[in-house]
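The values are calculated or read from the model by the stated rules, or taken from the named source; none is laboratory data. Bear in mind that the values here come from a model prediction, so they are computed numbers and not experimental data. Cβ coordinates were reconstructed from backbone atoms using ideal geometry, including for glycine residues, and neighbour counts include every protein chain displayed. The protein model used for the area step is the full one, side chains on, heavy atoms only, and it has no ligands, DNA or RNA in it. Shrake-Rupley method; radii C 1.70, N 1.55, O 1.52, S 1.80 Å.
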Amino acid sequence: MDTQTKYALNRINRRRFLQAAGAAGALAVGGDLLAACGGTGSGGSQITLQQMYHEYGEAGTQQAVLRYAADYTKSTSTNIKISWIPGDYATKLSTALLGNNPPDVFEHYTFNENWVKQGLLEPLDDLYTPETKSDFNPVNLASFTVDGKIYGVKMFDDTEFFYYRKSLLSQAGIDPTTLTSWDALLEAAKKLTTSKTKGLFLANDNGVSFFPLAVYSTGGDLIANNQIAFNTPQVVAVFEKMREVAASNAILTGAPTDWTDPSAFINGLAAIQWCGIWAMPAVIKALGDDFGIMPWPAFGTSGKPTVPWGGFAEMVCAKGKHVAESKALVKSLWIDNTAVQQDFCLSYGFHVPSRKSVAAKATKLQSGPAAEAVKLLNSYGRTNPPLFTDTMTTALTDAVSNIVKSNANAASEVAKAAQTCSTQLQQLLG
């Protein structure tokens, strides 16, 4: 499961999209072209579409993607070439999109206004009938909508939460239902720490990349009413609390694999670990029922428990040579073919189908900790606003890193980041 670290794209690498613009053309589409399914793709009536995926960690996912491509080719005579991208998918994707031979169809976890303004994305509104549109959660539509146009079809929903080892908490006399604040969680982590096991594992960056969760846990927002909204005393205080947590001897650092992989938790390096729903089958296989899950704790008197509302969407490159055929592929896989959606979401790791009608039939998610994860998503899930761009992400990430790792003044760092973000937001809105 260590390749699940590639899934950290869900938040960590957003900033690199624009940074890669200067390197456009330096990389090919990225990764090996794993399959050219059927036909020749040239010199005849057939066309070839390039479809790009990041490297999923769940065993069998790559083979499933190739099978979907082969089945589509048989039914349409359209060739599909799959690029399966290890490593820094976000940078490789952005470089490819800005180059001379962009992928026709690709997946990504989010986008922002700049993607649309650069003309990189094709609107997909015509793929949705009123019936199918109502079958997608409004959150999934809003996350990929700019100026009233929808630029993605959500493939699946993901969320993240703390996994905790029931037996270890019980031995330490800790009731997990009491861990509803960061003070309580940190105190529990100290009690759980032994010579072999740390109490808590956030991430190898000590949770810096989780700054949106910290902001949302105060009851606040990154952007509200077209204004930067995170420059508040509550947000300053929560970042100071993150620094306190990171400095504790109860926190695991330098884990062999990062937070997206459950290995630290499974192997007993940490009694509590932040990870995702995708890892749950591996956790169940290793630990049986000796685990539970809980959200990111609320912070302050106005705070709320929080989990991210993540997942990937399929998009179509507006610069591609076969836009109509690309849209047909996306519609087939992620709107029409419910069997593919069920297989992809439930047969390898766990993901929540984005179609409400498909999710209703996902029996593996309807009991036990998987059902609890879905409940957390629906109760506490938050998404970042499309207006929150890579420049803004970089500014606030740098500020939180300075606060957590370098003991910088939190109020000053937050104010400086807010000014940078406000300047760019006004440029976008202007």
Please list, ordered by residue number, the helices (runs of 4 or more DSSP H) wholly in the range 93-179 having 1 or more residues that are in contact with a helix residue (DSSP H, G or I) (Cβ under 7 Å, 6 or more places away or on another chain), of a type in the set (Ser, Thr, Tyr) and open to solvent by 10 Å² or more (accessible area, probe 1.4 Å). 130-134
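I'm trying to understand the selection: among the residues of the range 253-266, which are open to solvent by less than 20 Å² (accessible area, probe 1.4 Å) and either part of a loop (DSSP other than H, G, I, E, B) or among the charged types (D, E, K, R) (or both)?
255, 259, 260, 261, 262
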Condition first: at pLDDT 85 or above and farther than 17 Å from residue 51 by Cα. Now tell me which residues in the range 101-115 satisfy that. none
Taking the stated definitions as given, is residue 325 of a type in the set (D, E, K, R), closer than 24 Å to residue 104 by Cβ and buried (at least 22 other Cβ atoms within 10 Å of the Cβ)? no
Condition first: closer than 16 Å to residue 106 by Cα, touching a residue at least 24 places away in the same chain (Cβ under 8 Å), aromatic (Phe, Trp, Tyr) and touching an Asp or Glu at 6+ places or on another chain (Cβ under 7 Å). Can you find one or more residues in the range 63-83 that meet it? no
Just give me the residues in the range 45-65 being open to solvent by 30 Å² or more (accessible area, probe 1.4 Å) and more than 22 Å from residue 321 (Cα to Cα), in sequence order. 55, 59, 62, 63
Scan 320, 311, 303, 292 and give me the residue that is more than 30 Å from residue 234 (Cα to Cα), open to solvent by less than 50 Å² (accessible area, probe 1.4 Å) and of a type in the set (Gly, Ala, Ser). 320
Of 371, 359, which residue is at pLDDT 95 or above and either farther than 23 Å from residue 260 by Cβ or of a type in the set (A, V, I, L, M, F, W, C) (or both)? 371
Looking at the range 218-238, is at least one residue closer than 23 Å to residue 374 by Cα and in a helix (DSSP H, G or I)? no
Please state which of the following conditions residue 241 fails to meet, knowing it meets all the rest: (1) farther than 22 Å from residue 394 by Cα; (2) free of Cβ contacts under 8 Å to residues at least 60 places away in the same chain; (3) out of contact with any strand residue (DSSP E or B) (no Cβ under 7 Å at 6 or more places or on another chain); (4) of a type outside the set (Val, Ile, Thr). (1)
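Just the residues that are hydroxyl-bearing (Ser, Thr, Tyr) and assigned to a loop (DSSP other than H, G, I, E, B), please, taken from the range 339-361.
347, 348, 354
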Could you run through the range 74-85 and say how many residues are open to solvent by less than 10 Å² (accessible area, probe 1.4 Å) and out of contact with any His (no Cβ under 6 Å at 6 or more places or on another chain)? 4
So, of the residues in the range 376-412 that are more than 25 Å from the chain's Cα centre (by Cα) and touching a residue at least 60 places away in the same chain (Cβ under 8 Å), which turns out to be most open to solvent (accessible area, probe 1.4 Å)? 407
Among the residues of the range 187-208, is there at least one that is surrounded by fewer than 23 Cβ atoms within 10 Å (Cβ to Cβ), part of a helix (DSSP H, G or I) and within 28 Å of the chain's Cα centre (by Cα)? no
Evaluate the range 302-316: report whether one residue or more is under 27 Å from residue 410 (Cβ atoms), free of Cβ contacts under 8 Å to residues at least 40 places away in the same chain and more than 19 Å from the chain's Cα centre (by Cα). no
Pair list, Cβ < 7 Å and 6+ apart or interchain, from the range 417-430 residues that are in contact (Cβ under 8 Å) with a residue 40 or more places away in the chain and open to solvent by 30 Å² or more (accessible area, probe 1.4 Å) to residues that are of a type in the set (A, V, I, L, M) and not in a loop (DSSP other than H, G, I, E, B): 422/228
